[in-house]
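To keep things clear, I will list the structure first and then write my remarks on it.
The values are calculated or read from the model by the stated rules, or taken from the named source; none is laboratory data. All of these numbers come straight from a predicted model, not from anything done at the bench. Here the Cβ is made from the backbone with ideal geometry for all residues, glycine too, and neighbour counts use every protein chain on show. Ligands, DNA and RNA are excluded from the accessible area calculation, which covers all protein heavy atoms including side chains. Shrake-Rupley method; radii C 1.70, N 1.55, O 1.52, S 1.80 Å.
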Amino acid sequence: MELFAKAAEVYARIRRTVDDVRNIRNQKQAYADAFQVSDRAGVEVHVVGSLAGGTGSGTFLDVAFMARDVIGGDEQSNFTGIFLLPGIFLRSSGVALVKPNAYGALKEVEYLSTTKGSFTVDYGFRRVDITRPPFDLIYLLDNINEQGRVVTEQGDLHSLIADGMYVQIGS
């Protein structure tokens, strides 16, 4: 509910960030810093979070909807969701609902990704028409890999996510 209480501020922050990304000086600075920059015109949007519940975890869809509204109909922009599954949280206390929370979030994502048609979200200061899925690509990350290796520390998993994003964005 906090997102709806501060929706105008969140929307404005997303708008400022997109404007900064689109600003040519940022691209020139990236070249000057020897960071590989795509010459594609779109904006790469990455929404990173947890599907397990907790503070702010339910805002990922609204953040994507707001970002899509700010960017508009730009077909060259990509929206990527990177979401933690509940495995990393299972050893913590007070986590009885992490699996049901993740299941509910995944059902919402599935519904919004496969449903044809549109609807409107009223954020109080602005009504946003939702005509596309929230994400073009979604990565679901758990704390166990295909070989059965387990990451037990959240910070280690966060580092893996950051490294993966860096490789994806910089390649």
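Okay, here's what the table says:
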| item | result |
| --- | --- |
| Filtered residues of region 145-171 (kept if open to solvent by less than 80 Å² (accessible area, probe 1.4 Å) and polar (S, T, N, Q)) | N145, T152, Q154, S159, Q168 |
| Restricting region 140-171 to residues that are among the polar types (S, T, N, Q) and assigned to a helix (DSSP H, G or I), the residue that is nearest to A105 (Cα to Cα) | Q154 |
| Boolean, D20 is of a type outside the set (K, R) and either in contact with a helix residue (DSSP H, G or I) (Cβ under 9 Å, 6 or more places away or on another chain) or modelled with pLDDT of 90 or more (or both) | yes |
| Residue check, S93 in a helix (DSSP H, G or I) and polar (S, T, N, Q) | no |
| Region 67-85, residues that are out of contact with any strand residue (DSSP E or B) (no Cβ under 8 Å at 6 or more places or on another chain) and either in contact (Cβ under 8 Å) with a residue 12 or more places away in the chain or open to solvent by 60 Å² or more (accessible area, probe 1.4 Å) (or both) | V70, G73, D74, E75, Q76 |
| Qualifying positions in region 105-158 - more than 20 Å from H46 (Cα to Cα) and aliphatic (A, V, I, L, M) | V121, I144, V150, V151 |
| Failed item in (1) modelled with pLDDT of 85 or more; (2) within 14 Å of the chain's Cα centre (by Cα); (3) surrounded by fewer than 17 Cβ atoms within 10 Å (Cβ to Cβ), with G56 passing the rest | (1) |
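To keep it simple, each residue is scored yes or no on (1) open to solvent by 60 Å² or more (accessible area, probe 1.4 Å); (2) within 16 Å of G49 (Cβ to Cβ); (3) in contact with a helix residue (DSSP H, G or I) (Cβ under 8 Å, 6 or more places away or on another chain); (4) at pLDDT below 90.
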{"site": "F89", "(1), (2), (3), (4)": "no, yes, yes, yes"}
{"site": "V95", "(1), (2), (3), (4)": "no, no, yes, yes"}
{"site": "K99", "(1), (2), (3), (4)": "yes, no, yes, no"}
{"site": "G104", "(1), (2), (3), (4)": "no, yes, no, no"}
{"site": "K107", "(1), (2), (3), (4)": "yes, no, no, no"}
{"site": "E110", "(1), (2), (3), (4)": "yes, no, no, no"}
{"site": "K116", "(1), (2), (3), (4)": "yes, no, no, yes"}
{"site": "Y123", "(1), (2), (3), (4)": "no, no, yes, no"}
{"site": "R127", "(1), (2), (3), (4)": "yes, no, no, no"}
